[in-house]
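Visitor: Handing you a structure now.
The values are calculated or read from the model by the stated rules, or taken from the named source; none is laboratory data. Here the structure is a predicted model, which means the values were calculated and not measured. All Cβ positions, even for glycine, are placed from backbone atoms using ideal geometry, and neighbour counts span all protein chains on display. Side chains are part of the model used for accessible areas, which takes the heavy atoms of the whole protein and leaves out ligands, DNA and RNA. Shrake-Rupley method; radii C 1.70, N 1.55, O 1.52, S 1.80 Å.
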Amino acid sequence: MVIDSGAKGCGRLTRSDRDERANREAGTGRQEGGGRGRRKVFLPEGFSVICPPVPASQRKSASSSVTELAMPTAMAVFLTCFSCLLWLASAAPIGPPDLYRCKPRSPCCLPSPTSPPTPFSRNTSTPVRTRRALQNVLQDTTYLTALRTAYDRLRELSRSSPDDPRGFFQQSNLHCAFCLTSDLSYGNEFNMHGNWYFLPWHRMLLYYHERILGWAAGVPDLALPFWNWDNEAGRGFPAPYDDSGSSLHAEARRAAPERQREIERSVTREMMRTDVVLTDHWHPAMGNEREGGTLETGGHNWIHLAVGRESDRREMGDLQYAANDPIFYTHHANVDRLWEVWLGRDLRPGRGDRRNPSSADFLDSRFTFFDENAMAKVIAVSDVLQLTNLRYSYERVSHDWIQPEDRTPAPQWAPLMGGSGEAPLQQSVKFRAVAHGTGNPNLVIADIKSPYPKSAPASVQSAGVVPMLRFFNIRHHLDKTLELHIFVNEPKANADTPRSGNPKYVQGHAFLPEGTLHKFCLSVSIGPALERLNLTLISNFTVQVVRGMEFEVLPGRLSIEFIDYIISPSGM
Ligand SMILES: [Cu+2]
């Protein structure tokens, strides 16, 4: 285990993460050097890593499973971690990757472009495609035949011309090259999971994949279908993808009954409402440069895990292989559609911050794909934020998880503090709590104190501001699927604590093996839970994070360093 004395964040693998992994693989380590000159200290396996390292005098026993810090230490850490914030502020747009320079160890290098990549340009002569719900195309044999033909031909192309970037396995390689193995392919900054690039990057992937399908089938306006797994009408596994004789089929999936059980268990109406409707701010919904949002760690990850086989971690259950299963593309079409639903201005108007991030670091980041002519194209995040720019749309479907009150405007609230003669809240207010253990290796709790004095107007509920919990440096010692459940004021929470219908249950998150599991942060909107429990913004409360045990019963050990309680004015 390595302690990195440099400021270090979550999500994207840093160079020292890579060194750590390489050392692990090699069974050796260097005492110093690497990682931009940072000094490293090796500790026994199992000691939690924090930013910055805990002074020796503060260390618990080396076998301690959960980091526990005294408040003065927490304050010192908070001040020192200011450098993390500076690092974030100085982040820059990324990309595009240099496809001519794949790292030799990568298992999924892409073919080198035959001519230099050219920029994406909006082409109004491209046919407009409508992506339809799979449950609505089951009788459309012409459409399904074209879709099957397209995948037949892409699979055939992979056999006849393995280096053609349009072939089925090179398309899958595109995903592989920019997921876990990104640190081996084109540089660790190009990890398209666990950060705010997740949504736009996968939108780009689908956009070019769909054009390639149309080319392969000879049907220029052929559109991907979407697997409408969030709604009762579409939750069943789509039959056309379950026909073992079809090019839409993949072997490495869970058996049908188990798969369906997992879908029913994990993708509930409550979950959809919490993740999409009640998550009001782009940061917890879409993530940031170092964190995945609920649109990734919610339904997206749950469906990957429900379909993919845990036993051999192939196809949907492992990001590296996920796009080897054609269901991947139709699953991601639904994730892409839910991004649009989340942005929907008719959801809780007047409340929250339903827009895409406006940072240039996000908008100007660029990536490379191959089009239907096998030409490399560079495309920016800002190119893909309007579906009209990409000339496709989604068939409208009803959402049985959106409640009527979710569409009514939020009441006008007095600005926080404004009522007491103080200046209205202009910037985020933050309280940092140290997370600690309870003796249960799968439970971490934190005591959250309100950052407001008791003189603040107690009647001001969470509406009008966005209270958020931010979990720092979640670590788990198993490189396995991780399921986390968050509760408020549920001191005895465990994996069996009822979640459905439990007002104290906030949200569940799933993390796929590898890529996002080493050390990561998470942000959660907590306003709706505070309202349900009649807690005001001046209330103190406790937060429990439980490791779910359903996927694999293994001795878990969960640690979280800090939990920030952040209250931001709506619209920030
Ligand atoms: Cu992906």
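Visitor: How large is ³J(HN,Hα), in whole Hz, for each residue of region 136-151 in order, when computed from phi with the Karplus curve 6.51 cos²θ - 1.76 cosθ + 1.60 and θ = phi - 60°, using x for Gly and Pro?
Guide: Coupling constants for region 136-151: 9, 10, 4, 9, 8, 5, 4, 5, 5, 5, 5, 5, 5, 4, 4, 5 Hz.
Visitor: Order 141, 542, most accessible first, counting only protein heavy atoms with a 1.4 angstrom probe.
Guide: The residues order as 141, 542, largest area first.
Visitor: Is any residue of region 317-344 close enough, with backbone N under 12 Å, to a label point placed 7 angstrom from the Cα of residue 265 along the Cα-Cβ axis, and if so, which?
Guide: none
Visitor: Taking the simple approach of a point 7 Å from Cα along Cα-to-Cβ for both residue 532 and residue 159, what is their distance in nm?
Guide: Calculated label separation equals 5.2 nm.
Visitor: Can you list the residues, at least 5 places off or on another chain, whose amide H is less than 5 Å from the amide H of residue 291, using H built in the peptide plane?
Guide: 196
Visitor: For region 118-394, what mean projected area does the convex hull of the alpha carbons give, in nm²?
Guide: Value for region 118-394: 14.1 nm².
Visitor: By accessible area of protein heavy atoms, probe 1.4 Å, what ranking do 259, 355 get, highest first?
Guide: From most exposed to least exposed: 355, 259.
Visitor: How large is ³J(HN,Hα), in whole Hz, for each residue of region 484-501 in order, when computed from phi with the Karplus curve 6.51 cos²θ - 1.76 cosθ + 1.60 and θ = phi - 60°, using x for Gly and Pro?
Guide: For region 484-501, the Karplus-derived couplings read 10, 10, 10, 10, 10, 6, 10, x, 9, 4, 8, 4, 9, 4, x, 10, 5, x Hz, x marking Gly and Pro.
Visitor: What order, most packed first, do the peptides 142-155, 207-220 have when packing is the mean number of other Cβ atoms within 10 Å of each residue?
Guide: 207-220, 142-155
Visitor: If packing is taken as the mean number of other Cβ atoms within 10 Å per residue, what is the order of 162-169, 199-206, highest first?
Guide: Going by the mean number of other Cβ atoms within 10 Å, highest first, we get 199-206, 162-169.
Visitor: Can you list the residues, at least 5 places off or on another chain, whose amide H is less than 5 Å from the amide H of residue 392, using H built in the peptide plane?
Guide: 129
Visitor: One quarter of the convex hull surface, Cα atoms only: what value does that give for region 112-223 in nm²?
Guide: 8.7 nm²
Visitor: In whole Hz, with x marking every Gly and Pro, tabulate ³J(HN,Hα) for region 263-271 from phi via Karplus 6.51 cos²θ - 1.76 cosθ + 1.60, θ = phi - 60°.
Guide: 5, 5, 5, 9, 9, 9, 4, 4, 5
Visitor: Still on this structure, I have one more. If you stretched the chain out fully between residue 122 and residue 408, how much longer would it get, using 0.36 nm times the residue separation minus the C-alpha to C-alpha distance?
Guide: Extra length from residue 122 to residue 408 when fully extended: 99.4 nm.
Visitor: Given H placed on each backbone N at 1.01 Å, which residues far from residue 490 in sequence or on other chains put an amide H within less than 5 Å of it?
Guide: The list, which skips near neighbours in sequence, is 544.
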